[in-house]
Structures are given as C-alpha cells and as structure tokens.
Amino acid sequence: MLRSNYIYRLESLRAELLQLGTAVEESMARAIRSLHTHNTAVALWVINNDNYIDEARDTLETRVVTLLATQQPIVAGDLRLLMVTTAIANELERIADYASGIAGRFYRRPELMAQFTLPEQFLSYAEQVRHSIHLSLQAFLAVDEQIARNVIARDIQIDAMHDELHSALVTAARTAPEQLDIVIDLIDTSNVLERAADRAGNIAERVLYLIGS
C-alpha cells in the first residue's frame, strides 16, 4: 500500500471515530431529554440509533483489522493509534448502550414517568456526565493531554454528585412512597450515568496512552 493511501486511511479512521463519538453524545443527550420532556419519539430515536452505532463500531473495527493486515510494517505510533481507535470505539458503543437503556426505561412506561418531574439536581448531574463524554472526544480530536487529564479529574466531582443525588432520591422514596417505582428507575438511571462517566474517563486514559503520557 502506498504511504499516501495509508495515511489517508488512517485519517479516515480517525474521522469515523469522531463521527461515532458525535452520534453517541447525541444519543445520551436525547436520552436525558426524553426523560425530561416525556417525549416518546425522542426515546424511540435513541433506541433505534443504537443499531446504527453498533454497526458503525463493527465497521470501524473491520477497517482497523484490514489496515493491520495490509500495511506492513506499521510504525509504533501508528500501531498505538489503531489500538486506541478500537478501544475508544468499544467505550463509545457501551455509552450508547447506556443511553438506549435510559431511553428504554421511559419508552416502556411513559404514563408512569410522565407523572414525575425530573429534579434539577438530576438534570445537572446528567449534563455533567454528558459534558465529560464531550470533553473526552475533544481530547482525542486535539490529542490534548490537559483536556484528557481534566476528564479524569472531573470523575471525582461526578462521583460526589452521584452520591448526593442518590441520597436525595432515597429521601424522595421515603417521603412519597407512591412514587417508589419511578424513584427506583431514576436511581438505576443515575447509576448508569455514573458508568457512562467512567467510560469517558477510560477514553481520556486512552488518549494519554496515545500521547505516551
């Protein structure tokens, strides 16, 4: 394979990964919006978009394998990029699964969820998680060590917000037992969001590995 064609394919992989990341970030944002606005159409979009994201991840991995098989030798820096690309794609696919699960909770029981207004504390927490996902993608786009380290550092703040939200939801369940089912769903959703933030941290760690830091 000509070096110019090889470089073009490397850059194409990078662009595809960023496109995948944008789709995943949008899925998470819409999943939260479906809960907040009680919009089943938005929830269904997230659920259906998960299939597109799965296919995009599979296609990306196939292209990485093909490039590894057809380009020899591969310099260490390029090999590292290919490994990181696959790893980040897998992290993004898991975040998309979380978003689909969140949307699915509402889509299956819209009448029940419509009886409950999401507390501002929950929305703030969800936005911080979404922002960490966004920053992790920015870190990869810019190959920026500082942004990557900021994502990792933010995890402490997000964990603290999660703990506070969990306590508030438990209190809500005790004071309004008739809303117990909804509160349990929100507690589970907050746990899923925490795992999504952890995945963003994993992406940031991969960026640091790519940089060699």
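Of the residues ALA23, ALA87, ALA41, the one that moves most in a GNM of the chain with alpha-carbon contacts below 10 Å is ALA41. Relative intensity of segment 69-185 on a log10 scale, I(q)/I(0) at q = 0.12, 0.14 Å⁻¹, equals -0.62, -0.77, per a Debye sum over C-alpha point scatterers of equal strength in the absence of solvent. When segment 165-213 is described by a simple charge dipole with +1 on each Lys and Arg Cβ and -1 on each Asp and Glu Cβ, the residue from ILE182, ILE211, ALA200 located farthest towards its positive end is ILE211.
For the chain, set up a GNM with springs between Cα atoms under 10 Å and report which of GLY77, GLY201, GLY101 has the largest fluctuation. The residue with the greatest mean-square fluctuation here is GLY77.
With n ≥ 4 as the cut-off for DSSP H runs, can you work out [θ] at 222 nm for the chain, using -39500 (n - 2.57) per run divided by the number of residues, rounded to the nearest 500? Mind showing how you got there, number by number?
Working: 7 runs with 189 residues, N = 213.
Calculated at 222 nm, the ellipticity per residue is -31500 deg cm²/dmol.
Coordinate range of the alpha-carbon atoms in segment 3-211 per principal axis, descending: 65, 33, 19 Å. With unit charges on the beta carbons (Lys and Arg positive, Asp and Glu negative) and the dipole taken about the Cα centre of segment 3-211, which residue among THR86, ALA31, TRP45 sits farthest to the positive side? Of the listed residues, the answer is THR86.
Our Cα-only numbers for segment 130-194 put the radius of gyration and Dmax at 15.8, 49 Å.
Taking the Cα centre of each part, how many Å lie between segment 108-144 and segment 154-177? Distance between centres, Cα-based: 15 Å.
Only the coordinates and a few stated rules stand behind these numbers; no lab work does. This structure is a prediction, so every number in the text was calculated from the model and none was measured. Positions of Cβ are backbone-derived with ideal geometry, glycine not excepted, and every protein chain shown enters the neighbour counts.
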